[in-house]
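Structure record follows, encoded as structure tokens.
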Amino acid sequence: MLAWGMARSCGECTVCCTALAIETLELRKQPGVTCAHCTVRGCGIYESRFPICRSYFCGWFGLPELDESWRPDRSGILISPRHDGIPPQYEAGEGIEFLLLIGEAALAHPPFIPLLRALLESRTPAFLALPGPVGHYPARVFLNDVLAPAAGDPATLVLVLSRMIRSAAGHRFEPAPPP
């Protein structure tokens, strides 16, 4: 459904530099911990940044369907491609993950529910992720099977998502290995 490939400038957005875990030989950092190379203006080593950073594909950065309001530091939503955890009955080899950096408040971002509905209706695998405490992996859930019955009604969709987000309060987040 979505066409990856557009390129924008990150500007001052550095959400990925803090929110994501990086576990490579050349760079290791836990989720929720800001990368040592991150500055208030962006990556301090952008031109020579690590391969993992060069290859990361931010949904806002690369999806032309998403306007400026989707920039992660503005929307509170970090969108990433997702390749694993997709049930075999879904033909798409790639899904979309929404990391809700601001929790339930992200549901109020006006284009979020219409985009999620379109993904569900097109059977594009969609995942919801909620950040854990600093140094812990996010909680993740595959949304399609859970939300398919509610996809036709935006109000019901918001209600079900809100309940899912609130129920994550008791989740036991898995700690990431130390850097």
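The values are calculated or read from the model by the stated rules, or taken from the named source; none is laboratory data. In this text the structure is predicted, and so the values were computed from the model without any measurement. Because the Cβ atoms are built from the backbone with ideal geometry, glycine has one as well, and the counts that use them run over all protein chains shown. The accessibility values were calculated without ligands, DNA or RNA, using every heavy atom of the protein model including side chains. Shrake-Rupley method; radii C 1.70, N 1.55, O 1.52, S 1.80 Å.
If each DSSP helix of 4+ residues adds -39,500 (n - 2.57) and the sum is divided by the residues in the chain, what number results at 222 nm, nearest 500 deg cm²/dmol? Provide the component values of the computation, followed by the final result.
Values: 7 runs with 46 residues, N = 179.
After summing the helix terms and dividing by residue count, I get -6000 deg cm²/dmol.
Please state the shape class of the range 106-149: rounded when a/c is under 1.5, otherwise prolate if a/b exceeds b/c and oblate if not, all from the C-alpha gyration tensor. It would help to have the intermediate numbers written out before the result.
On the way: a/c = 3.11, a/b = 1.61, b/c = 1.93.
Cα axes put the range 106-149 in the oblate bin.
Take the alpha-carbon positions of the range 50-123, form their convex hull, and give its projected area averaged over all directions (one quarter of the hull surface) in nm².
Working: hull surface 23.1 nm².
Orientation-averaged projected area of the Cα hull: 5.8 nm².
Quick one: if the Förster radius is 30 Å, what FRET efficiency do VAL146 and GLU26 give, using the C-beta to C-beta distance and rounding to 0.05? Working shown, then result.
Numbers: r = 38 Å, r/R0 = 1.25.
For VAL146 and GLU26, the calculated efficiency is 0.20.
Tell me which of GLY62, SER122, PRO72 sits at the most positive position along the dipole axis of the chain, charges placed on C-beta atoms (Lys, Arg +1; Asp, Glu -1).
PRO72
Restricting everything to alpha-carbon atoms, can you work out Rg to Rh for the range 81-179 with a Kirkwood hydrodynamic radius? Each step should come with its number before you reach the end.
Working: Rg = 13.7 Å, Rh = 14.1 Å.
Rg/Rh for the range 81-179 comes to 0.97.
By what distance, in whole Å, do the Cα atoms of the range 1-72 stretch along each of the three principal axes, largest value first?
Principal-axis extents of the Cα atoms in the range 1-72, largest first: 34, 24, 23 Å.
Using the eigenvalues of the Cα gyration tensor, what equivalent ellipsoid semi-axes result for the chain when each is taken as the square root of five times the eigenvalue, whole Å, largest first?
Numbers: eigenvalues 141, 69, 50 Å².
With the √(5λ) rule applied to the chain, the semi-axes are 27, 19, 16 Å.
Would you mind checking which residues have amide H under 5 Å from CYS38's amide H? H placed 1.01 Å from N; only 5 or more apart, or other chain.
Hits under the 5 Å cutoff: GLY44.
Given a 10 angstrom Cα cut-off, can you work out which residue in ALA108, ALA139, ALA168 is the most mobile in a GNM of the chain?
Among ALA108, ALA139, ALA168, the largest GNM mean-square fluctuation belongs to ALA108.
So what are the ³J(HN,Hα) numbers for the range 68-77, from phi and the Karplus equation (6.51, -1.76, 1.60; θ = phi - 60°), rounded to whole Hz, Gly and Pro as x?
With the stated coefficients, the range 68-77 comes to 4, 5, 7, 3, x, 6, 9, 8, x, 10 Hz.
Would you mind counting up the charge near PHE98? Only other residues with Cβ under 11 Å from its Cβ, with Lys and Arg at +1 and Asp and Glu at -1. Could the numbers behind the result be given before it?
Details: positive: ARG82, ARG140; negative: GLU97.
Net charge in that neighbourhood comes out at +1.
Carbon and sulfur atoms: what percent of the 1.4 Å accessible area of the range 1-118 do they account for?
C and S fraction of accessible area: 57 percent.
For MET164, what charge total do you get from the other residues with a beta carbon under 15 Å from its beta carbon, if Lys and Arg give +1 and Asp and Glu give -1? Walk me through the numbers before you get to the answer.
On the way: positive: ARG140, ARG163, ARG166; negative: GLU97, GLU104, ASP145.
Summing Lys/Arg as +1 and Asp/Glu as -1 gives 0.
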